[in-house]
Structures are given as structure tokens and as C-alpha cells.
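First up is the structure itself, then whatever we jot down about it.
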Amino acid sequence: MSTFICQNKNIRYQITGSGQPVLLIHGYCEDGTIWDHFIPLLPAAQYITMDLPGFGESEIDGAVSIVEMAEVVKSLLKHLKIERLMLIGHSMGGYVALAFAEKYGSMLSGLGLFHSHPYADTEAQKVSRTRSADFVKKNGSAHFIKQLMPKLFPDDFIRFNNFLLNNLTFRASRYPVTGIVNGQEAMRDRSDRTEVLRTATYPVLFIVGKKDTTVEKEKARDQTALPARAMIKILPDIGHMGMFEAPRKTAAMVGEFINFF
């Protein structure tokens, strides 16, 4: 585990292996450790993980937008002297990856959206995120996270994986309330980035879970037609957390993308 300073805040990151750089970005109420069990299943490469501001061990002070999170990613790459890489983001991490691609697409040899999409929130979704942020501000994050985590998995998976669910809930409950609130508000206010995929000069990987209730089926489907070059992987029995629900299968998909391109 290492840290670097970005805008006077400590940002945690970790490097595993050597070779082609691949940066894995976690989602909302997660941190870089979600990839710890996943990376050993991937082909040889230099894997970089990090904690986005307000999650894990990375500090936050005030509002940090999705675009500003992408700038933190850029600062990390500058710190590591990495000029070209593959970028794979899970859920909110996909939003950050798209914001990075919008400005620094020439640095990418590939982009992966792991249960994510390029669309902005609908008005109803924005209202819901505001309510969630206000609830956490008023009541703290413990109850919110306890309600959130089960929604990310299919019911039949939860039935046999309570230990995992409890562990993820416990880790997320340790994040600062500021980070939990900021994540909701940053996702609420993000821009539509379909044009990023439509004009991508690099290949794009889509990993889609058919049981994912957090990504609308139409959006999950429609996004796959946007880029000129795409690798599309559909998982019929998987929800929003494929790296836990089907680690070997999803790792094989990511590995195929890395090796092919």
C-alpha cells in the first residue's frame, strides 16, 4: 500500500505485478481492496488500484465531482510516470473512467465498463440521490449502507454469502460521511458521456449482468452499439458485483480483453 499527495490530500494506491499498466477503479461505497482477490485471476500485467477521494484510505475535504475524481486518476498516473494504459471501472468507477477518457483518451489503449454505462441520471434518479445524500447527512451512513449493499446482489447470491455482504458493509461503514454524501452528489451531477464511446478510438469492454437492478436493461444494451470496437460480455445470472459473484468468469473476460488488445 502506498500514498501520494493530490491537492494536499493523501490518496492511497497499490501496484501489483509488472508489464502493461491496467488501472482498476472501484465503485460507490467500495475501495481498491475489492480487486485484491480478482487480480491474481488475471493475466500478467501491472495492475494499479486506488481509493477514490472519500473512500477507503483516501482523504476528502469538500465536494469532489466525477471530473475531479478523473483528475485525481490523472495525477496518480503522472506520479507513476505512466503515459498509456488500460482503464477499467466498476459502476461509479466507470463514470470516472469515462470522464478521464473524455479529456485524456489519447492515453488509453482500452476502456472497460464493468457494470457501468455512460448515461446521465434521469430526473427521478437525481431526486433519489439527493434524498439519499440528505438522509446520510442527517442520520449518518450506517443504516444507508446496510440497506444499499443487498441491492447490489441477486437474492440467491446473498442467501449463501452473508459473510461477504457483512464484510463489504463493515468496510463501507468506516468511510467518512463526507465521502458517502459526495459520491451520491457527484453521480447525480455527472454529465452524459455517450459521445465519449461514440468517438472512442480505442476498444471498449462491456461487462453486463442481466440481474443487475442498478443499470437499466435498455441502457446496458444500447451503450454496446456506441463504440466502433467493442467486446461485449453478457452474464445471465449475475447482478452488479460480478467480481464477487463470478470472479473467475469475469476475470477471464477482463483477461481476454487485455490480451486481445
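The values are calculated or read from the model by the stated rules, or taken from the named source; none is laboratory data. Since the model is a prediction, treat every value here as computed from it, not as a measurement. Glycine also receives a Cβ, built like all others from the backbone with ideal geometry; neighbour counts cover every protein chain displayed.
Within the stretch 158-173, restricting attention to residues that are of a type in the set (F, W, Y) and part of a helix (DSSP H, G or I), the residue that is surrounded by the most Cβ atoms within 10 Å (Cβ to Cβ) is F170. For residues in the stretch 137-148 being buried (at least 20 other Cβ atoms within 10 Å of the Cβ) and hydrophobic (A, V, I, L, M, F, W, C), which is nearest to E30 (Cα to Cα)? Here the answer is I145. Scanning the stretch 224-245 for residues that are of a type in the set (A, V, I, L, M, F, W, C), within 18 Å of the chain's Cα centre (by Cα) and assigned to a loop (DSSP other than H, G, I, E, B), we see that the one that is nearest to L24 (Cα to Cα) is M241. Among the numbered conditions (1) part of a helix (DSSP H, G or I); (2) acidic (D, E); (3) in contact with a helix residue (DSSP H, G or I) (Cβ under 8 Å, 6 or more places away or on another chain); (4) loosely packed, with under 14 Cβ neighbours inside 10 Å, the only one that E102 does not meet is (4). Looking at the stretch 72-83, which of the residues that are free of Cβ contacts under 8 Å to residues at least 60 places away in the same chain and in a helix (DSSP H, G or I) is nearest to Q184 (Cα to Cα)? If we take residues in the stretch 72-83 being free of Cβ contacts under 8 Å to residues at least 60 places away in the same chain and in a helix (DSSP H, G or I), then V73 is nearest to Q184 (Cα to Cα).
With respect to the stated conditions, L197 is buried (at least 17 other Cβ atoms within 10 Å of the Cβ), modelled with pLDDT of 95 or more, in contact with a helix residue (DSSP H, G or I) (Cβ under 7 Å, 6 or more places away or on another chain) and among the hydrophobic types (A, V, I, L, M, F, W, C).
Take the residues in the stretch 1-41 that are among the acidic types (D, E) and touching a residue at least 24 places away in the same chain (Cβ under 8 Å); name whichever of them is farthest from L52 (Cα to Cα). Selected residue: E30.
Conditions (1) aromatic (F, W, Y); (2) outside any helix (DSSP H, G or I); (3) in contact with a Lys or Arg (Cβ under 7 Å, 6 or more places away or on another chain), marked per residue:
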site: D156; (1), (2), (3): no, no, no
site: Y175; (1), (2), (3): yes, yes, no
site: M187; (1), (2), (3): no, no, yes
site: S191; (1), (2), (3): no, yes, no
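Within the stretch 129-145, can one find any residue that is within 18 Å of P247 (Cα to Cα) and either in contact with a Phe, Trp or Tyr (Cβ under 6 Å, 6 or more places away or on another chain) or not in a loop (DSSP other than H, G, I, E, B) (or both)? No, the conditions are met nowhere in the stretch 129-145. Per the conditions (1) within 26 Å of Y104 (Cα to Cα); (2) modelled with pLDDT under 95; (3) touching a His at 6+ places or on another chain (Cβ under 7 Å), the sole criterion not satisfied by I207 is (2). Got at least one residue in the stretch 210-226 being within 30 Å of R84 (Cβ to Cβ), without any contact (Cβ under 8 Å) to a residue 60 or more places away in the chain and surrounded by fewer than 16 Cβ atoms within 10 Å (Cβ to Cβ)? For the stretch 210-226, residues within 30 Å of R84 (Cβ to Cβ), without any contact (Cβ under 8 Å) to a residue 60 or more places away in the chain and surrounded by fewer than 16 Cβ atoms within 10 Å (Cβ to Cβ): present. Return the residues of the stretch 152-194 that are of a type in the set (D, E) and touching a residue at least 60 places away in the same chain (Cβ under 8 Å); say none if nothing qualifies. Listed by number, the residues that qualify are E185, D189, D192. Selection over the stretch 211-223 of residues that are assigned to a loop (DSSP other than H, G, I, E, B) and within 14 Å of H117 (Cα to Cα) gives a count of 5. Before we move on, is L111 more than 30 Å from Q147 (Cα to Cα), touching a Pro at 6+ places or on another chain (Cβ under 9 Å) and not in a strand (DSSP E or B)? So L111 does not fit the description; no.
Residue-wise test of (1) among the acidic types (D, E); (2) surrounded by fewer than 16 Cβ atoms within 10 Å (Cβ to Cβ); (3) farther than 23 Å from G140 by Cβ.
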| position | (1), (2), (3) |
| --- | --- |
| Q14 | no, no, yes |
| V22 | no, no, yes |
| T33 | no, no, no |
| I39 | no, no, yes |
| Y47 | no, no, yes |
| D51 | yes, no, no |
| V67 | no, no, yes |
| V72 | no, no, yes |
